[in-house]
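The values are calculated or read from the model by the stated rules, or taken from the named source; none is laboratory data. Everything numeric here is computed off the predicted structure, so don't read it as measured data. Neighbour counts run over all protein chains shown; Cβ positions are idealised from the backbone, glycine included.
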Amino acid sequence: MIPSPGPGPALEARIDTLVARLDLERKVRLLTGASAWTTHDEPAVGLRAMVLSDGPAGVRGQVEDERSTSANLPSPTALAATWDESLVERLGRLLAAEARRKHADVLLGPTVNLQRTPLGGRHFECLSEDPLLSGRIGAAYVGGVQAGGVAATAKHYVANDSETDRFTVDVRVDERTLRELYLTPFEQLVRDGGAWVVMAAYNGVNGSTMTESPLLADPLKREWGFDGVVVSDWSATRSTEASARAALDLVMPGPQGPWDGELVAAVRAGRVPEAAVDDKVRRLLLLAARVGALEGVDPAAPAPDPPAAGDVAALLRAAAAAGSVLVRNQAATLPLATDGLHRVAVIGPNAAVARTQGGGSVRVTPDHVVSPLDGLRAALAPLGVEVVHALGARIPAGIEPLPEDEELDHAAALARDADAAVVVVGTTDEIESEGFDRASMALPGRQDELVHRVAATNPRTVVVVNTGSPVSLPWRDEVPAILLSWFGGQELGNALADVLLGRVEPGGRLPTTWGAREQDVPVLHARPVAGRLRYGEGIHVGYRAWARTGAVPAFPFGHGLGYTTWSYEHVVAPATVAAGEDLVARVRLRNSGRRAGREVVQAYLSRASSAVERPAVWLAGFAVVDAQPGETVIAEVRVPARALRHWSVDAHRWEVEPGGFELTAGRSVADRPLATDVTVVAS
Ligand code: BGC
């Protein structure tokens, strides 16, 4: 990963000189946007306007239609499902090139709020229910974007984990949970990823709206040493003095906002110190220096060369395959053997229409999309395999769904006469979107019935689930193979064909638990009561909560099958480790199958007896390995010191409890065949 260069004394001194050249009005003017997507320029100090652009699954730019198209990446859930930091960093570099092509300096992503509930409207836009995985994938994303000289934005700081009443909801969360869960990915993006921008969220936390929150000053700026810009979410700033005194730096969008003349007056009246304004301007100028918007200062990184169109498509295709999670594969149904395959029925509402992204500010307009039907036709036609298609069921868009009996009958008949059936079920960007939470995990319309009908007529039925976040799969034991494609980005269909035909392995592992029954989901809804949303489950979120209740999900966190098999043989870790030190666990495993493969080796920690309350189990580290058939490899899994610490609410600081932790290793939270003990000693 590329560390973000610090400003250095020469640049700091220069910025101080520039700030001193500006009077109060000119300084304050810089702190509100000039338009919806731009900041003000200030020729007196050689500052040009900077352009901010939405992401995170592409760079929209200021024009948002087919006149200026954008590469459409797989949904962030799919990126996290790769568990592959080097691939995500490459995607970040692509985003930097996209940003430069679209004249953007700041990309408004990644989103590192946690998937507290599967129904969260922006679940598809977040990375994971686990803070460590969110932080590592998010930091790799930041590293890639910023290596191209474009600022990445860690958003939305903090506890913006659902959408109901999103502008006003006041999240009530205890100090320890905030630190160990919701702040952790932001800490990793700032400290490890070196993010240059953080976005303050719409919601409040414990009584303060985030644009006025004390959490902006501490831990963000003080404890973590964040030297970048805190930008408000769009129209999130509601006050002049409280937000200016808090550590918010930039009000967006402009040109109107609550700062301007009111802030000048507040400074003159002594109600906001001018030093606070200077600090904000300094940060803005440092950001400008980093992205190349300050005359006479070299940007932190040169602009990347624009990639060739073919390279973009190839990378997006590889990324979609790497994020696809094969959750079930009975009797080696996949990869589809093409011997004796004459006709394949490709069925379902998401087969012919590519659902490549979720809705809201994340949306981009790609120059082309490859639907599952297009992708499978292109791959199967040269092999002489006929592809037939039926809609089967509709996703209701209006009030009255159309009668579908005939469509269901037709789909079942096509499936019966085919050698294999691929049913592509899912949602749309109207169902999974910013702005509201989903009401249920059920697939909309009669899609479940469609799968039952097809599976009953064709035993070789593969279901592709084309959603950004978890849905219920009540038929999961009736079909031999299920592949989660997420909202796979513009190359979805080609990637799907690569995976189904075994040209590429399905590389993904679940970054979030897929529940079987809604009643078992630890936190299903996020419905505020009297304006407050209480995170009453505390530190027991996602798989940590499932492990505690013992309820069995449809598919556990970390789960995902490849096309080979693995045998986990041995784990070694240091018997003792000093508090505050990282450790490395070495996991020996063998590719016991007949194909080359890639495995995500996961290490978890638990502690049976402890003086503090703990999750039943928590992810401590992971590593990706590749091996040929029969080959034995050692995965080196780094467990950072932060995985062994806990937040003390008495001392208000991180502490490490000396004593024994159990370290387990395996392929998902529910499949950890190896264990060893690690004793932490006081340093
Ligand atoms: C969203 C942000 C987005 C901004 C600008 C807000 O409504 O919450 O994620 O970056 O709009 O579009």
When you scan region 173-186, do you find a residue that is in contact with a strand residue (DSSP E or B) (Cβ under 7 Å, 6 or more places away or on another chain), within 16 Å of the ligand (Cβ to nearest atom) and either in a strand (DSSP E or B) or small (G, A, S) (or both), even just one? no
Only one of these is out of contact with any His (no Cβ under 8 Å at 6 or more places or on another chain) and farther than 19 Å from L561 by Cβ: P444, P506, P480. Name it. P444
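Assess whether E599 counts as being over 18 Å from F661 (Cα atoms) and more than 24 Å from the chain's Cα centre (by Cα). Spell out the reasoning first.
Numbers: over 18 Å from F661 (Cα atoms): yes; more than 24 Å from the chain's Cα centre (by Cα): no.
In short, no.
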Residue satisfying condition, being β-branched (V, I, T), more than 16 Å from the ligand (Cβ to nearest atom) and assigned to a loop (DSSP other than H, G, I, E, B), within set V272, V277: V272
For region 110-120, give me the residue count where each residue is within 16 Å of the ligand (Cβ to nearest atom) and out of contact with any Ser or Thr (no Cβ under 6 Å at 6 or more places or on another chain). 4
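Taking T153 as the residue in question, decide whether it is within 13 Å of the ligand (Cβ to nearest atom) and either β-branched (V, I, T) or not in a strand (DSSP E or B) (or both). Step through it out loud before you land on a result.
Numbers: within 13 Å of the ligand (Cβ to nearest atom): yes; either β-branched (V, I, T) or not in a strand (DSSP E or B) (or both): yes.
Yes: the conditions hold for T153.
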Could you list all residues from region 324-371 that are in contact with a His (Cβ under 7 Å, 6 or more places away or on another chain) and surrounded by fewer than 18 Cβ atoms within 10 Å (Cβ to Cβ)? A352
Of all residues in region 1-50, count the ones that are surrounded by 18 or more Cβ atoms within 10 Å (Cβ to Cβ), of a type outside the set (V, I, T) and over 22 Å from D298 (Cβ atoms). 7
Within region 234-245, is even one residue surrounded by 24 or more Cβ atoms within 10 Å (Cβ to Cβ) and more than 16 Å from the ligand (Cβ to nearest atom)? yes
Some residue of region 581-593 being loosely packed, with under 15 Cβ neighbours inside 10 Å and under 28 Å from A516 (Cβ atoms): no
Selection from region 121-136 of residues away from the ligand (no atom under 16 Å from the Cβ), part of a loop (DSSP other than H, G, I, E, B) and either in contact with a strand residue (DSSP E or B) (Cβ under 7 Å, 6 or more places away or on another chain) or free of Cβ contacts under 8 Å to residues at least 40 places away in the same chain (or both) yields D130
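Among what's in region 433-475 and is β-branched (V, I, T) and part of a helix (DSSP H, G or I), pick the residue that is farthest from the chain's Cα centre (by Cα).
Of the residues in region 433-475, the ones β-branched (V, I, T) are 451, 454, 457, 461-465, 467, 471.
Of the ones still in play, those that are also part of a helix (DSSP H, G or I) are 451, 454, 457.
Working: V451: 29, V454: 33, T457: 38 Å.
Here the residue is T457.
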In region 217-254, how many are among the acidic types (D, E), touching a residue at least 12 places away in the same chain (Cβ under 8 Å) and either touching a His at 6+ places or on another chain (Cβ under 9 Å) or under 20 Å from G6 (Cα atoms) (or both)? 3
The lone exception for V231 - which of (1) more than 16 Å from the ligand (Cβ to nearest atom); (2) not in a loop (DSSP other than H, G, I, E, B) it fails: (1)
Considering region 262-280, residues that are hydrophobic (A, V, I, L, M, F, W, C) and touching a helix residue (DSSP H, G or I) at 6+ places or on another chain (Cβ under 8 Å), and then whichever is surrounded by the most Cβ atoms within 10 Å (Cβ to Cβ), we arrive at L263
A611 among the small types (G, A, S) and in contact with a strand residue (DSSP E or B) (Cβ under 7 Å, 6 or more places away or on another chain): no
Every residue from region 296-337 that is within 20 Å of I137 (Cβ to Cβ) and either among the hydroxyl-bearing types (S, T, Y) or at pLDDT below 95 (or both): S324
